[in-house]
Amino acid sequence: QVQLVESGGGLVQAGGSLRLSCAASGRSFSNYAMGWFRQAPGKGREFVAVISRGGRSTSYTDSVKGRFTITRDNAKNTVYLQMNSLKPEDTAIYYCSAGYTNWGQLPDEYVYWGQGTQVTVSS
């Protein structure tokens, strides 16, 4: 069992930055690939980024490439999402997830989820 708690969301102007954190408790954090998803009002849950178990490999959805960076610190059981050059279309609830997948981009590939943190980007 893994519990995930996100933090770092908030209100920011377009062009600004935020860093989301996701703290994991439980066992074997390093056994899981970690993903970030987001869900805007009236839309489905969308893949944002994933990082491999060891942190050496990452993948991003096209709309955030070059602006967002996912990292993890296995010693601290924490995964991060650095978000730069934010746009109003990035407004959503951001969810952290853990799964046994390698490069999963579908929500069903993840086993554990956090409660989400709201990110609002004003124009």
Qualifying residue in the range 9-27 (condition: under 20 Å from Tyr112 (Cα atoms), over 14 Å from the mean Cα position of the chain (by Cα) and not hydroxyl-bearing (Ser, Thr, Tyr)):
yes
Could we say that Ser123 is touching a residue at least 40 places away in the same chain (Cβ under 8 Å), more than 17 Å from Gln3 (Cβ to Cβ), out of contact with any Lys or Arg (no Cβ under 7 Å at 6 or more places or on another chain) and open to solvent by less than 60 Å² (accessible area, probe 1.4 Å) here?
no
Checking the conditions here, which among Gly44, Gly35, Gly55, Gly66 is open to solvent by less than 60 Å² (accessible area, probe 1.4 Å), assigned to a loop (DSSP other than H, G, I, E, B) and over 17 Å from Thr91 (Cα atoms)?
Gly55
Take the residues of the range 5-31 that are modelled with pLDDT under 95 and part of a loop (DSSP other than H, G, I, E, B): which is least open to solvent (accessible area, probe 1.4 Å)?
Ser28
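Among the candidates Phe47, Phe68, single out the residue that is more than 19 Å from Val2 (Cα to Cα) and touching a residue at least 40 places away in the same chain (Cβ under 8 Å). Please lay out each step first, then the result.
Values: Phe68 fails: touching a residue at least 40 places away in the same chain (Cβ under 8 Å).
So the residue among Phe47, Phe68 that is more than 19 Å from Val2 (Cα to Cα) and touching a residue at least 40 places away in the same chain (Cβ under 8 Å) is Phe47.
If you take the residues of the range 106-120 that are assigned to a loop (DSSP other than H, G, I, E, B) and not hydrophobic (A, V, I, L, M, F, W, C), which of them is surrounded by the most Cβ atoms within 10 Å (Cβ to Cβ)? Explain how you work it out, then say what you get.
Let us first name the residues in the range 106-120 that are assigned to a loop (DSSP other than H, G, I, E, B), namely 106, 110-111, 114-116.
Okay, now just the ones that are also not hydrophobic (A, V, I, L, M, F, W, C), so 110, 114-116.
Numbers: Tyr110: 24, Gly114: 21, Gln115: 11, Gly116: 18.
Step by step, filter the range 106-120, then rank; the result is Tyr110.
The values are calculated or read from the model by the stated rules, or taken from the named source; none is laboratory data. These numbers were taken from a predicted model, which means no experiment stands behind them. When we count neighbours, we look across all protein chains shown, and the Cβ atoms used for this are built from the backbone with ideal geometry, even at glycine. These area figures cover heavy atoms from the full protein model, side chains too; ligands, DNA and RNA do not enter into them. Shrake-Rupley method; radii C 1.70, N 1.55, O 1.52, S 1.80 Å.
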